[in-house]
1. Over the chain, with a Gaussian network built from C-alpha contacts below 10 Å, which listed residue (P163, P229, P111) shows the highest mean-square fluctuation?
2. Write down the Kirkwood hydrodynamic radius of the chain, to one decimal in angstroms, obtained as one divided by the mean of 1/r over all alpha carbon pairs.
3. Between E162 and A286, what is the label-point separation in nm under the 7 Å Cα-to-beta-carbon projection?
4. Within 12 Å, Cβ to Cβ, of E141, how many net charges do the neighbouring residues add up to if Lys/Arg are +1 and Asp/Glu are -1?
5. Sorted by mean Cβ packing within 10 Å, highest first, what order do the peptides 46-52, 175-181, 222-228 take?
6. Explain nothing, just compute: Karplus ³J(HN,Hα) = 6.51 cos²θ - 1.76 cosθ + 1.60, θ = phi - 60°, for every residue of the range 179-189 in order, whole Hz, x for Gly and Pro.
7. Would you please classify the overall shape of the range 176-270 from the alpha carbon gyration tensor, given that a ≥ b ≥ c denote the square roots of the eigenvalues, rounded means a/c under 1.5, and beyond that prolate means a/b larger than b/c while oblate covers the rest?
8. Can you give the accessible area per residue of the chain, in Å², using a 1.4 Å probe?
Amino acid sequence: MSQNAHGSALVHILIDKLEFMLALAREKHFGRAAEVCGVTQPTLSAGIKQLEDTFGVLLVNRGSRFQDFTPEGERVLDWARRIVGDARAMREEVHALKHGLAGRLRIAAIPTTLAMIEKLTTPYRERHPDVQFTIRSCNSEEVLHLLENLEVDAGVTYIDNEPLGRVTNVPLYRERYRLLTSADAPLGNRESVTWAEVAQVPLCLLTPDMQNRRILEGLLRDAGGDPHPTLESNSMILLYSHVRTGRWASVMPARLAATLGLTDVLRAIPIVEPEASHTIGLIVPAREPMTPLTAALVAEAKRVAPLLAD
């Protein structure tokens, strides 16, 4: 074997072992990580042991099962994300140069943005018809976790409220809030309501792991309320299905309420004092060069953003 071929084989072997590390970081379980990688559990364990022998340090704390990564393992994991991400980007770019843009684009989005994703995917597909999409609904922390571990290519989430880490972001639009309630409810005939008034209404809200819930709870508490929702769910569709009966109320983003549509008995009333808003944006790994699929999505987001502006 030539020196170049030998070096190429070593690089390939190293990337395979780093993929094992990434899978273990995602799954927190040797058996599931092996299954994801398409190898046996002994093969995955042996691969990680080879990395430990190569670096001369313990990377994984393990007893009868996976416990966690050592400090050295966490640093190797950081490098694994970078190296594996760059290797995937290189393969994708070479393929795109030869065959054009094709493949699967994976996007994780918070529930309040799901109705808006088609604003990105529809024009993207018109430009690049050989690209397929997988869209996952997640809370904002999961979006960041999936992005960090290379399980998705991009996320759509809040970009101005909680820390994002090392990402590149493209602002898309401002999320503003409406009280959804029936026309014959106590506040149903109003042109606007205050957060203090909304704080007195029994509400359907997202679950506490959702950033939208944390935002709304902060606004309601600042207005003197103590939020105790009558119903909570991680699905905006489930919340809306209750509200549209006219017997429940909720606070939803204005764009989402408009997209879902209003019934004869349902009103979306602007909430003021204060008139709160947060920025929704596209986030992608802070990597140069970007993968061709991701770069095309960022370009689409920049084209679409002015059309979404208030």
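The values are calculated or read from the model by the stated rules, or taken from the named source; none is laboratory data. The structure displayed is predicted, hence computed values, not measured ones. Here Cβ is always computed from backbone atoms with ideal geometry, including for glycine, and neighbour counts include all displayed protein chains. Accessible surface areas use protein heavy atoms only, side chains included; no ligands, DNA or RNA. Shrake-Rupley method; radii C 1.70, N 1.55, O 1.52, S 1.80 Å.
1. Its mean-square fluctuation being the largest, the pick is P163.
2. Hydrodynamic radius (Kirkwood, Cα only) of the chain equals 21.9 Å.
3. Placing both labels 7 Å along Cα→Cβ, they lie 1.9 nm apart.
4. -3
5. Result, highest mean first: 175-181, 46-52, 222-228.
6. Rounded to whole hertz, the list is 7, 9, 7, 6, 5, 9, 6, x, 9, x, 9.
7. In terms of gyration-tensor shape, oblate.
8. 51 Å²
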